[in-house]
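Working notes, structure below.
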Amino acid sequence: MSRIGLARQRPSARQGVGGKVTNQNSPMKNYKVRLLPLLAILGCLSWLSGCQQDEVNAPPVVERFRLLDPIKKDSTFTAAVPGTLLVIQGKNLNNAVNVYFNDFPAAFNPVYNTAENLIITIPAQTPTAVTAPKVSNKVRIVTTHGEGTFDFTVVQAPPVIASISNENASPGDSITIAGANFFGVSKIVFPGNLEVDSTRFRPNREGTLIRVRVPANMTQSGPLSIVATFGTTTTPAPINYVTGPGVLCNFDDVNTFAGWSGTASKDATLFPGNKGSFGYLSVKGIVGGNSEWWTSGRSINVNETQWIAPANLKAPVSDYALKFEIFVKTPWKTGTMLITPNRDAKPNSYTYRYTPWKIGTASVDFQTTGWQTVTIPLSEFRTSNGTGDAAPSLEALLGAAGKNQFQMMLVADTDGMGEVSIGVDNIRVVSNKAVK
């Protein structure tokens, strides 16, 4: 027998010890082999979950501030004026509870709050270095999982003119300019480039009022400007404007007064401080519910004249306003002045209900110490005797030619109307669009 034939065979790869055959594809071994990758994946997921949990519990991080406007979404900045709508971008911004600009709380809609974005408006009342020199110049974001403080400067906004007490005051008279952000004002520029420097006026502490005297040599009409450290603002409409396009009646050289129950006069003792003639309404008392505007000095009527040039009738209704000066000598506390561009009122005619004695739901005695300017945006004229829908266009309000009449009339409410004496002058339609 050959040696080869006597040699003992080594167990093959498919044999166990003692030559027993084993099966490498047994269910148990396959289970173990397949389980290893699964355990590895589960381990990674657990690690990632832990990382994500750490991020969720981490304090907020701000990476940049940008404008919400999609056209300007690539803009980034570290300073803005109050009233700016911006997007705070970063990490862990979700579940925000409070946001503060210079320690002043800012409201926001949680619907627009995600882990990466927070949309918010800087409050108009946010203090700045001008109003509070020791402001922090910080934004503080408080979330349910932490808080953070970040550098951001709220800069003072430019001045804003809301109204002028008398836009047609005589030279030398004092006027009050109301608005906001009257800080660092260096001068006020009247028509004719007449400058009044800051040594001749002083804004109030809140920066909302300036009392100043009209230059004695002012003869021109034009806009008024306020020049300040943080910008310049200009009135959209001219002051000292008594003649020109849009002037419906000044009772002097533009005298379209149609008479009726009101009166025109130049007697300065009736309503002192005016320039030239004026119209006035005077009633001794009206029974409640009496709407007979054509009797007892209760209306001023103006013949048809050009309100707005035809070329401008496609502009938004809100771009224009009706203005006039008024002098109320006796306390006015009931009744309504209806103002309309059409004397032949119809259900679809547009009317404004002027009731200056109403302040919200309260009633006060309205009386002026002299002439003051009334401004009524044309967008406030409504159908149904002033209580219905606003005019959708200037053509709907005035007609295709932009011409119409004008009427103001006193009517009594259910409570009636006591004695009232009202002077009116310089009825005009002017631009109400802010100058940019």
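Couple of notes before you dig in:
- For the range 284-301, residues that are modelled with pLDDT of 85 or more and of a type in the set (Gly, Ala, Ser) total 2.
- Tally of residues being in contact with a Leu (Cβ under 8 Å, 6 or more places away or on another chain), within 30 Å of Thr269 (Cβ to Cβ) and hydroxyl-bearing (Ser, Thr, Tyr) across the range 347-400: 2
- Count - residues of the range 59-88 that are within 29 Å of Gly231 (Cβ to Cβ), surrounded by fewer than 16 Cβ atoms within 10 Å (Cβ to Cβ) and of a type outside the set (Lys, Arg): 12
Table: residues versus (1) touching a residue at least 40 places away in the same chain (Cβ under 8 Å); (2) touching a helix residue (DSSP H, G or I) at 6+ places or on another chain (Cβ under 6 Å); (3) not hydroxyl-bearing (Ser, Thr, Tyr).
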| position | (1), (2), (3) |
| --- | --- |
| Gly231 | yes, no, yes |
| Thr243 | no, no, no |
| Cys249 | yes, no, yes |
| Tyr280 | yes, no, no |
| Asn301 | yes, no, yes |
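- Restricted to strands (runs of 3 or more DSSP E) entirely inside the range 192-248, those with at least 1 residues that are closer than 25 Å to Thr126 by Cβ and in contact with a Ser or Thr (Cβ under 7 Å, 6 or more places away or on another chain) are 209-213, 225-228, 231-234.
- In summary, Asp253 fulfils each of the numbered conditions (1) touching a residue at least 24 places away in the same chain (Cβ under 8 Å); (2) charged (D, E, K, R); (3) surrounded by fewer than 17 Cβ atoms within 10 Å (Cβ to Cβ) with the single exception of condition (1).
- Criterion: touching a residue at least 12 places away in the same chain (Cβ under 8 Å), part of a strand (DSSP E or B) and under 21 Å from Asn204 (Cα atoms) - qualifying residue of Ala129, Ala124, Ala157, Ala162: Ala162
For (1) aliphatic (A, V, I, L, M); (2) within 25 Å of Ile119 (Cα to Cα); (3) surrounded by fewer than 16 Cβ atoms within 10 Å (Cβ to Cβ), each residue gets a yes or a no:
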| residue | (1), (2), (3) |
| --- | --- |
| Thr143 | no, yes, no |
| Asp151 | no, yes, yes |
| Pro159 | no, no, no |
| Ala162 | yes, no, yes |
| Asn166 | no, no, no |
| Gly172 | no, no, yes |
| Ser186 | no, no, yes |
| Leu194 | yes, no, no |
| Asp197 | no, no, yes |
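- Qualifying residues in the range 259-283 (those that are aliphatic (A, V, I, L, M) and in a loop (DSSP other than H, G, I, E, B)) - the one modelled with the highest pLDDT: Leu270
- Residue match in the range 91-111 (condition: surrounded by fewer than 12 Cβ atoms within 10 Å (Cβ to Cβ) and among the small types (Gly, Ala, Ser)): yes
- A single member of Asp425, Asp413, Asp389 is within 23 Å of Asn250 (Cα to Cα) and of a type in the set (D, E, K, R), and it is Asp425.
The values are calculated or read from the model by the stated rules, or taken from the named source; none is laboratory data. Quick caveat, the model's predicted, so the values are computed rather than measured. As a convention, Cβ positions derive from the backbone with ideal geometry for all residues, glycine included, and neighbour counts pool all protein chains shown.
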